[in-house]
1. Could you say whether any residue in segment 123-141 is farther than 20 Å from R53 by Cβ, in a loop (DSSP other than H, G, I, E, B) and free of Cβ contacts under 8 Å to residues at least 24 places away in the same chain?
2. Which of the numbered conditions does I19 fail, given that it passes all the others? Conditions: (1) surrounded by 11 or more Cβ atoms within 10 Å (Cβ to Cβ); (2) part of a helix (DSSP H, G or I); (3) modelled with pLDDT of 95 or more.
3. Go through segment 43-52 and count every residue that is touching a Gly at 6+ places or on another chain (Cβ under 9 Å) and in contact (Cβ under 8 Å) with a residue 40 or more places away in the chain.
4. I'd like to check something: does segment 108-120 contain any residue that is touching a His at 6+ places or on another chain (Cβ under 7 Å), surrounded by fewer than 20 Cβ atoms within 10 Å (Cβ to Cβ) and not small (G, A, S)?
5. Are any of the residues in segment 77-92 within 23 Å of G49 (Cβ to Cβ), assigned to a loop (DSSP other than H, G, I, E, B) and assigned by TED's automatic domain parsing to the domain that holds A35?
Amino acid sequence: MKRIAILIAVLCVFVGFGISNGFAQGKTRANPTWATLDQRATKEIKHGGIYSRRWGAASPKLKAIVTQMILMKFGHGYIGQKALCYAQRESGLNPLALSSTNDHHVFQLNWSAHHNTFDYARLDEPDVGYGIIAGWRLSKGGRDFSAWAGGSHSCP
């Protein structure tokens, strides 16, 4: 009888734990989609997530979203880390960054070199998803980072 009481008590604890964490209700935490992250970035920007057009002048929350989006597009391995390194070096993860040489967005896409390739009005909105996709296209899907070669800080 004592064993049954202990077994019932242990079972109640596990069931209670499962319900409180959503497991018993079939709830799981899914990774956000590209569209969800882009919406979160837009919302953060509308709520003051960008402080200026200078390097790194974005909120920590926006930088975290941009990081997630870069890794989602380029992958979480070596290529994704390299792309993230270039984005950090170029803009400090600020999607509205603008350099003195007219380089725009997270990957600092140069207007004079690429104004016929990308929509700079969208880059200056800033459209976070579009800017990351533009960097991905310029890198030929993460196979060629020569556009970002050089600089004072190299990326592995």
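The values are calculated or read from the model by the stated rules, or taken from the named source; none is laboratory data. On a predicted model such as this, the values are computed, not experimentally measured, just so you know. Heads up, the Cβs are rebuilt from the backbone with ideal geometry, glycines too, and the neighbour counts pull from every protein chain shown.
1. Yes, that holds for at least one residue.
2. Evaluating I19 over (1) surrounded by 11 or more Cβ atoms within 10 Å (Cβ to Cβ); (2) part of a helix (DSSP H, G or I); (3) modelled with pLDDT of 95 or more leaves (3) as the failure.
3. Residues that pass the stated criteria total 0.
4. Within segment 108-120, one or more residues are touching a His at 6+ places or on another chain (Cβ under 7 Å), surrounded by fewer than 20 Cβ atoms within 10 Å (Cβ to Cβ) and not small (G, A, S).
5. Yes, segment 77-92 contains a residue that is within 23 Å of G49 (Cβ to Cβ), assigned to a loop (DSSP other than H, G, I, E, B) and assigned by TED's automatic domain parsing to the domain that holds A35.
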